[in-house]
Amino acid sequence: MKCYQCDNNAMYEVGPEKVPLCLQCYALLQQTYLKQNEALREEINFLHDSADSIFGIRTGARYPTKRPVLVSGGTINNNHIAINNSQIGMLNTGNINSLNQTIDTLYTTSQKNLADNIKRFSEAVLIDKDLTDIQRTEIFESLDIVTRELLQEPENRKKSVAGFLLEKISSTIQVAASSLTIWEILQPLIQSSF
């Protein structure tokens, strides 16, 4: 079955109409959902702040807000993953932000070992001179999708998609010796969750 949006083979059926989408179009749809959820969180936070100013007391917890990543020089730490301005290149920081959110969630769910290894691997990929910007982007996009699947209930995880993307990361990372050693630790940790 072909994707509704492009000529690739469909991997997902979305919505009650079961619209067929390929992996790339599905990932784009998920990014759109994430942006909509961020806007809703900001609106809810605004409403809480408005109620606070009216009543003079704190009315409840707030959603954590994402801060934009601005790299003007030196090294910054984007919550967990440190980025140097010379490493940024053509990299989409949205994937790194999403990975940071996943790492936050893993820490709060007491999966420190997995979170630490995702962080170490991401930083190794950033500094690895054997990888091109395109390869880095592919690795981060794939890792982002796989780690978001880890946050789903076990019965709702897309195991075949995760397996495909883990294999993609493995084949891409083969050229990068320093990142490969960390990947050999991280991959079994992720696979054991599926």
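Residues in region 42-59 that are outside any helix (DSSP H, G or I) and exposed (fewer than 11 other Cβ atoms within 10 Å of the Cβ): Gly56, Ile57. All of (1) at pLDDT 85 or above; (2) touching a Lys or Arg at 6+ places or on another chain (Cβ under 9 Å); (3) exposed (fewer than 15 other Cβ atoms within 10 Å of the Cβ); (4) not small (Gly, Ala, Ser) hold for Pro16 with one exception: (2). Of all residues in region 106-142, those being charged (D, E, K, R) and in contact (Cβ under 8 Å) with a residue 60 or more places away in the chain number 2.
Checking Thr181, Thr147 one by one, the residue that is closer than 23 Å to Asn100 by Cβ and at pLDDT below 80 is Thr181 and no other.
Among the residues of region 32-41, not a single one is touching a strand residue (DSSP E or B) at 6+ places or on another chain (Cβ under 7 Å), under 22 Å from Ala162 (Cα atoms) and not in a loop (DSSP other than H, G, I, E, B).
A single member of Arg136, Arg157 is charged (D, E, K, R), under 17 Å from the mean Cα position of the chain (by Cα), closer than 21 Å to Ile96 by Cα and modelled with pLDDT of 80 or more, and it is Arg136.
The residues in region 31-52 that are closer than 26 Å to Ser142 by Cβ and more than 20 Å from the chain's Cα centre (by Cα) can be counted, and the count is 0. Of the residues Ile185, Ile190, which single one is assigned to a helix (DSSP H, G or I) and closer than 22 Å to Leu34 by Cβ? Answer to the check: Ile190. With the requirement that a residue be among the hydrophobic types (A, V, I, L, M, F, W, C), part of a helix (DSSP H, G or I) and surrounded by fewer than 16 Cβ atoms within 10 Å (Cβ to Cβ), what does region 165-179 give you? The one that is among the hydrophobic types (A, V, I, L, M, F, W, C), part of a helix (DSSP H, G or I) and surrounded by fewer than 16 Cβ atoms within 10 Å (Cβ to Cβ): Ala177. If we keep just the residues of region 98-133 that are among the small types (Gly, Ala, Ser) and part of a helix (DSSP H, G or I), which is nearest to the chain's Cα centre (by Cα)? Ranking the qualifying residues of region 98-133, first place goes to Ser98. Condition (residue is within 22 Å of Leu29 (Cβ to Cβ) and surrounded by fewer than 16 Cβ atoms within 10 Å (Cβ to Cβ)) applied to region 130-137: is it met by at least one residue? Checking region 130-137: not a single residue is within 22 Å of Leu29 (Cβ to Cβ) and surrounded by fewer than 16 Cβ atoms within 10 Å (Cβ to Cβ).
The values are calculated or read from the model by the stated rules, or taken from the named source; none is laboratory data. It should be emphasised that the depicted structure is a prediction, and the values quoted were computed from it without experimental measurement. Please note: Cβ atoms are built from the backbone with ideal geometry, for glycine as well, and neighbour counts cover all protein chains shown.
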